[in-house]
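Asks: Before anything else, here's the structure in question.
Nothing in this text is a laboratory measurement; each read-out follows from the coordinates by a stated rule. Predicted, not measured: the structure shown is a model, and the values here were computed from it. Every residue, glycine as well, gets a Cβ built from its backbone with ideal geometry; the counts of neighbours run over all protein chains shown.
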Amino acid sequence: MTTDEAAEAVRSSPLVIIPVGALEQHGGGMAMSTDTVRAVGVAELVTARLAGQAVLAPAVPYGVSPHHMAFAGTMTLSPATFQQVLRDLVDSLYQHGWRQFLVITGHGGNNAALSVLAQEYLRSDLLFAWTPITAVVSDLITDVSQVHGHAGEAETAQMLYLAPELVQAERLEPGATTLDELTTPARLSRQAQGPRLSVGFDEYHKRGVLGDPRRATAEQGRLLVETAADRIAAFAAELLTA
Ligand SMILES: [Zn+2]
């Protein structure tokens, strides 16, 4: 966009969508940019569904990834830095007149920082919403390993649909797939309720993968990505009426 187009978009497209991702290991077969690529892919579909009412900002390609630092190439922001980057970007667009923001994160490690940011914006005159991707379609994730998640079935499926050129199929390999395989700290960290423990992904598995990415298909990915876009767009459409 040019600055003139942006000035017009303030009036015609009151919602800004900001994709945020991560630059972190995704096992032996997927690019480290996986979470950013998925965030951008879903954000583009959501923006298209909103038919001109939303404008798509460039992605923030780094996220909060200290739990992947045992793996070469991972680049992380501290939670405080990640929050400050988003504060500065939102503040920039606020000064130009935007008041509604939706952050789409492809990386679950950003969730806690985004949740804190959302609490801070309660005291402002802007609407700050954020959403994960896979978690909004968790009801559609079936027939997967007992332990699944990072670089596993669902995430690999999304990449096979959105960016198959970034998946090296012959290098996909299973990570931890059952609770029995996990160390005690890793097992405790998987509890959905009760006390919380965080562990590095090298504690889960030597390749840092949860689940079996070899079972993923592009067709599963299409279902997850398109449905996530439908649900997030429906939320955004309601937000626009606020
Ligand atoms: Zn990921």
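Asks: With r as the distance between the Cβ atoms of Phe235 and Val10 and R0 = 22 Å, compute the FRET efficiency 1/(1 + (r/R0)^6) and round to 0.05. Numbers along the way, then the final one.
Replies: Values: r = 22 Å, r/R0 = 0.99.
Between Val10 and Phe235 the formula returns 0.50.
Asks: Then there is this: Under 37 °C and 0.692 mPa s, how fast does the stretch 92-166 diffuse according to Stokes-Einstein, given a Kirkwood radius computed over C-alpha pairs? Answer in µm²/s, whole number.
Replies: On the way: Rh = 14.7 Å.
Value of D from the Cα-based Kirkwood radius: 224 µm²/s.
Asks: Now for a separate question. Determine the shape class of the chain: with a ≥ b ≥ c the square roots of the Cα gyration tensor eigenvalues, call it rounded for a/c under 1.5, and otherwise prolate if a/b is greater than b/c, oblate otherwise. Could the numbers behind the result be given before it?
Replies: Numbers: a/c = 1.99, a/b = 1.61, b/c = 1.23.
It is prolate, given that a/c is not under 1.5 and a/b is the larger ratio.
Asks: Using alpha carbons only, how many angstrom separate the centre of the stretch 114-155 from the centre of the stretch 1-77?
Replies: 14
Asks: Let me ask something else about it. Report the residue, chosen from Ala51, Ala22, Ala186, that carries the largest GNM mean-square fluctuation when the chain is represented by alpha-carbon nodes joined by springs under 10 Å.
Replies: The residue with the greatest mean-square fluctuation here is Ala51.
Asks: Rounded to the nearest 20 debye, what is the charge dipole size of the stretch 3-240 about its Cα centre when +1 sits on each Lys and Arg Cβ and -1 on each Asp and Glu Cβ? Provide the component values of the computation, followed by the final result.
Replies: Values: 16 positive and 26 negative charges, 79 e Å.
Value, rounded to 20: 380 debye.
Asks: Sorting Thr134, Thr156, Thr47 on the 10 Å Cβ count, fewest up front, what's the list?
Replies: Values: Thr134 21, Thr156 29, Thr47 25.
Final ranking by Cβ density, sparse to dense: Thr134, Thr47, Thr156.
Asks: Based on other C-beta atoms within 10 Å, arrange Asp202, Asp139, Asp91 from fewest to most. Could the numbers behind the result be given before it?
Replies: On the way: Asp202 16, Asp139 7, Asp91 11.
Ordered from fewest to most neighbouring Cβ atoms within 10 Å, Asp202, Asp139, Asp91 come out as Asp139, Asp91, Asp202.
Asks: If contacts are Cα pairs under 8 angstrom and at least 6 residues apart, what is the relative contact order of the chain in percent?
Replies: Numbers: 468 pairs, mean separation 59.0, N = 242.
Normalised by residue count, the contact order of the chain is 24 percent.
Asks: With Rg and the Kirkwood Rh both taken from Cα atoms, where does Rg over Rh land for the stretch 42-174?
Replies: On the way: Rg = 16.6 Å, Rh = 16.9 Å.
Across the stretch 42-174, the Cα-based Rg/Rh ratio is 0.99.
Asks: So how do Thr177, Thr241 line up by other beta-carbon neighbours within 10 Å, fewest first?
Replies: Values: Thr177 20, Thr241 5.
Lowest to highest Cβ neighbour count: Thr241, Thr177.
Asks: How much of the DSSP bridge set in the chain is antiparallel, in percent, rounded to the nearest 5?
Replies: Working: 3 of 20 bridges.
Antiparallel bridges make up about 15 percent of those DSSP assigns within the chain.
Asks: Same structure again: Before rounding to the nearest 500, sum -39500 (n - 2.57) across all DSSP H runs of length at least 4 in the chain and divide by the residue total; then give [θ] at 222 nm in deg cm²/dmol. Kindly include the intermediate steps, with their values, before the conclusion.
Replies: On the way: 8 runs with 96 residues, N = 242.
Value at 222 nm, helices only, nearest 500: -12500 deg cm²/dmol.
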